[in-house]
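Down below is the structure, laid out as structure tokens.
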Amino acid sequence: MKKLFLLLFFIASCYQISNAQNTAVIDNEKVLEYYQSQRYTEAAQYLQSIYKDGTEDPKALTQLAYANLMGGKYTDAEKYYLKLYTQNPTNLSVLFSLADINTRRGNELKAKSYYQEVIKIDSANFSAYKKLAYLTKDDINNKKFSYLLTANRLNPVDADVVFDLCEIYFKTKSIHKLKQTLEPALKADSANLRLLKMKIPLNIAEKDYPEAIKTGEQLLSYGDSSTFVLNNLGKSHFLSLDYQNALKYFLLISDKSADNETLLYNIGMSYRGIKDYKNAIPYLQNAIKEGISPKIATYYGLLGDSFEMVNKNDDANNAYKKGLQFENNGSLLYNIALVYETKLNDKKSAVNYYEQYLKTIDEKQQPKLIIFIKRKIDELKK
């Protein structure tokens, strides 16, 4: 009996020694040091040297996955997270990590599928809805709007979700819903620049110009002198009939950004508001110029040619002449003259436009063309 006991003890001891040899021993202090100094790649290499290839141990896989993820080795990280996912497809932490990896690698469709798995498991997971809204790019896409609405219902004061949702409400002119959504978030964080930026157009839409000006000045005091803020301040003062202050803010924009039709118009109209018509004129002229496509003369030329093709010659000439209002285009002048000469049998008008066409020709580059047109004019005058 005693010999049997000793034999069993010996076998048990051998098993324990063997099992200890097969168990990985991790120097936790070393791993922690790697993490604290953000040497994640070294941490991953160390862990891989300890754990056997093909390990299925959840703790080991978690450590390997995390270290590789933080070290930017997304392919290796995904490999380990997928093993964890296979073991437990409902692990939210693993699903979020897989979604994050695929987002970083540009596979947004796959990332969305993981977030969708999250909300199937946890229908009240705010983070998943927020991420899904972010990954759904088209801001008027019904799915994006749905994700934002759910996220906002779960967390009404998240500034990012509120801002994106308010942008949609503003574009769809749903001012009442914009206000309802914005106010709770602003109450929770009254100094949030993104939310304050959304408040200005709301104030303007509600014709509360003093509040819009107050909000704009608040943003300026926080250091935000963006074109958006300056433009809305200018607009608020203009609508309050305070043209001098409107001009001040519009001109600040003009100093730092490219001219555009609306800005030029606003500056011109502000000068008119203070009865400075001399300065209003060049801005309004440039606003007209900016508002017209540089290709519009070409478009009228093509329209006129199309009328000619269906024998609507008066309409053709009217289109060509319309094009001349935007550009003194030699081709248009020639086309008009040609229609008068060959299709409307109006020699006098043809001569008039051929003579105008002559003035557009460079005599050094096209001397033969000048000779040809002059001969044509002489023939028509006979």
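Flag: Ile213 matches the condition of being more than 24 Å from the chain's Cα centre (by Cα) and crowded, with 16+ Cβ neighbours inside 10 Å.
Just checking, how many residues over the stretch 167-207 are in a helix (DSSP H, G or I) and of a type in the set (Asp, Glu)? Break it down stepwise before answering.
Applying the first criterion (in a helix (DSSP H, G or I)) to the stretch 167-207 yields 167-171, 175-188, 193-205.
Add one more test, that the residue is of a type in the set (Asp, Glu), and what stays is 167, 183.
Number satisfying all stated conditions: 2.
Being open to solvent by 20 Å² or more (accessible area, probe 1.4 Å), over 25 Å from Arg39 (Cα atoms) and part of a loop (DSSP other than H, G, I, E, B) is true of Thr90. Checked against the criterion of being open to solvent by 70 Å² or more (accessible area, probe 1.4 Å), closer than 28 Å to Ala111 by Cβ, at pLDDT 90 or above and part of a helix (DSSP H, G or I), the candidates Lys83, Lys79 yield just one match: Lys79.
Before we move on, is Asp164 of a type in the set (D, E, K, R), over 30 Å from Gly71 (Cα atoms) and either more than 25 Å from the chain's Cα centre (by Cα) or assigned to a loop (DSSP other than H, G, I, E, B) (or both)? No, not satisfied. Taken over the stretch 280-327, the residue count meeting the criterion of being under 30 Å from Leu247 (Cα atoms) and open to solvent by 60 Å² or more (accessible area, probe 1.4 Å) is 8. Can Lys131 be described as open to solvent by 70 Å² or more (accessible area, probe 1.4 Å), within 30 Å of Leu61 (Cα to Cα) and either not small (Gly, Ala, Ser) or not in a helix (DSSP H, G or I) (or both)? Yes: the conditions hold for Lys131.
Conditions (1) in contact (Cβ under 8 Å) with a residue 24 or more places away in the chain; (2) hydrophobic (A, V, I, L, M, F, W, C), marked per residue:
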{"site": "Leu186", "(1), (2)": "no, yes"}
{"site": "Ser190", "(1), (2)": "no, no"}
{"site": "Leu193", "(1), (2)": "yes, yes"}
{"site": "Leu202", "(1), (2)": "yes, yes"}
{"site": "Tyr209", "(1), (2)": "yes, no"}
{"site": "Ile213", "(1), (2)": "yes, yes"}
{"site": "Leu219", "(1), (2)": "yes, yes"}
{"site": "Ser225", "(1), (2)": "yes, no"}
{"site": "Val229", "(1), (2)": "yes, yes"}
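Taking the stretch 106-121 as the range and being open to solvent by less than 50 Å² (accessible area, probe 1.4 Å) and either farther than 13 Å from Leu92 by Cβ or not in a helix (DSSP H, G or I) (or both) as the test, the residues that pass are Ala111, Lys112, Ser113. Of note, Asn102 satisfies the criterion of being surrounded by 14 or more Cβ atoms within 10 Å (Cβ to Cβ), modelled with pLDDT of 90 or more and among the polar types (S, T, N, Q). Could you say whether any residue in the stretch 333-349 is within 40 Å of the chain's Cα centre (by Cα) and open to solvent by 80 Å² or more (accessible area, probe 1.4 Å)? Taking every residue of the stretch 333-349 in turn, none turns out to be within 40 Å of the chain's Cα centre (by Cα) and open to solvent by 80 Å² or more (accessible area, probe 1.4 Å).
Here Lys143 meets each of (1) part of a helix (DSSP H, G or I); (2) modelled with pLDDT of 95 or more with one exception, condition (2). I want to confirm something. Restricting to the stretch 73-93 and keeping residues that are touching a residue at least 24 places away in the same chain (Cβ under 8 Å) and touching a Phe, Trp or Tyr at 6+ places or on another chain (Cβ under 9 Å), which single residue is farthest from Ser113 (Cα to Cα)? In this case the residue turns out to be Lys73.
For the stretch 242-273, enumerate the residues that are outside any helix (DSSP H, G or I) and either modelled with pLDDT under 95 or hydroxyl-bearing (Ser, Thr, Tyr) (or both). Result: Ser257, Ala258, Asp259, Asn260.
The values are calculated or read from the model by the stated rules, or taken from the named source; none is laboratory data. None of the values given here were measured: they were computed from a predicted structure. Virtual Cβ from ideal backbone geometry, glycine too; neighbours counted across all protein chains shown. Side chains are part of the model used for accessible areas, which takes the heavy atoms of the whole protein and leaves out ligands, DNA and RNA. Shrake-Rupley method; radii C 1.70, N 1.55, O 1.52, S 1.80 Å.
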